[in-house]
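Enquirer: Quick one: structure below, then a few questions.
None of the figures in this text is laboratory data; all of them are computed from the coordinates on show. Owing to the predicted nature of the structure, the values given are computational and were not obtained by experimental measurement. Note that each Cβ is placed from the backbone with ideal geometry, even for glycine, and that neighbours are counted across all protein chains shown.
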Amino acid sequence: MQVHQILRSKSDDGVVTITPGSTLAEATETLSARRIGALVVSPDGKRVSGILSERDIVREMGKRGASCMSDKVDAVMTKAIIGCHRDDNAEAVLQKMTDGRFRHMPVMENDEMVGLISIGDVVKARLAELAMEKDALEGMIKGF
């Protein structure tokens with residue numbers, strides 16, 4: 001299965017972004033309201049400056065307490081972003097996420113973000129693919 005197939009299976013709510021100058025308090029409100037685990041930090045909704053996850057915020061709060069909530073997202077976000085392309089294979093993307101120990105990956109095309117996939121999206125797609133393979137093999141064995 002390829003990334004473009006995973007994107008098609010997702011709801012078309014778009015990618016939730018936040019601007020670099022926003023505060024952690026604003027980011028936390030957005031994460032909570034949207035019930036999501038990460039925000040793409042972007043000045044224009046297309047270029048990726050970083051990703052801010054719940055884990056990033058919790059780590060900072062663990063170090064400094066609630067006073068960090070007035071900090072800008074730029075100071076806490078993950079800046080070294082690994083992206084993928086629409087035609088990448090789901091297994092390769094899952095391997096990148098596992099090796100890098102991250103859960104969200106922007107889908108890029110010509111240096112612009114066209115989507116965002118999570119490790120949950122990739123696992124769900126892979127499980128569906130495995131179920132189809134299982135059914136096909138059972139059908140061949142049973143002579144269907």
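Enquirer: For the chain, what proportion of DSSP beta bridges, expressed in % and rounded to the nearest 5, is antiparallel?
Expert: 80 percent
Enquirer: Calculate the all-directions average of the projected area of the range 71-144's alpha-carbon convex hull, and give it in nm².
Expert: 6.6 nm²
Enquirer: Between Arg55 and Lys142, what length comes free when the chain is fully extended (0.36 nm per residue of separation minus the Cα-Cα distance, one decimal in nm)?
Expert: Stretched out fully, the Arg55 to Lys142 stretch lengthens by 26.5 nm.
Enquirer: How high is the relative contact order of the chain, in percent, counting Cα pairs under 8 Å that sit 6 or more residues apart?
Expert: About 26 percent, as a whole number.
Enquirer: Could you pull out every residue, at least 5 positions away or on a different chain, whose amide H is within less than 5 Å of the one on Ile117? Hs are placed 1.01 Å off N in the peptide plane, and Pro or chain starts have none.
Expert: Met105, Val107
Enquirer: Which of the three applies to the chain, rounded, prolate or oblate, going by the alpha-carbon gyration tensor with a ≥ b ≥ c and a/c under 1.5 meaning rounded?
Expert: Here the chain falls in the prolate category.
Enquirer: Next question, about the same structure. Please work out how much length the chain gains when fully extended from Lys63 to Thr98, using 0.36 nm per residue of separation minus the C-alpha to C-alpha distance, in nm with one decimal.
Expert: So the chain would gain 10.0 nm between Lys63 and Thr98.
Enquirer: Could you give the size of the charge dipole of the chain about its Cα centre, using +1 on the Cβ of each K and R and -1 on the Cβ of each D and E, expressed in debye and rounded to the nearest 20?
Expert: Rounded to the nearest 20 debye, it is 400 debye.
Enquirer: Here's another thing I want to ask about it. 5 Å is the cut-off here: which amide hydrogens, built 1.01 Å from N in the peptide plane, fall below it relative to Ile18, excluding neighbours closer than 5 in sequence?
Expert: Answer set, sorted by chain and number: Val40, Val41, Ser42.
Enquirer: Using θ = phi - 60° and the Karplus relation 6.51 cos²θ - 1.76 cosθ + 1.60, list the HN-Hα couplings for the range 109-126 in order, rounded to whole Hz, with x at every Gly or Pro.
Expert: So the J values, rounded to whole Hz, are 8, 6, 6, 10, 6, 10, x, 9, 10, 10, 4, x, 4, 5, 4, 4, 5, 5.
Enquirer: Output the 0 to 90 degree angle, nearest 10, between the alpha-carbon long axis of helix 54-64 and the longest principal axis computed from the alpha carbons of the chain.
Expert: Here the helix axis deviates by roughly 30 degrees.
Enquirer: Find the lysine pairs in the range 50-127 meeting two conditions, Cα atoms under 25 Å apart and a separation of 8 or more places or different chains, and report how many there are.
Expert: 4
Enquirer: Further question: With each label point set 7 Å from Cα along the Cα-Cβ vector, what nm distance links Ser9 and Glu91?
Expert: Label at Ser9, label at Glu91, 1.6 nm between them.
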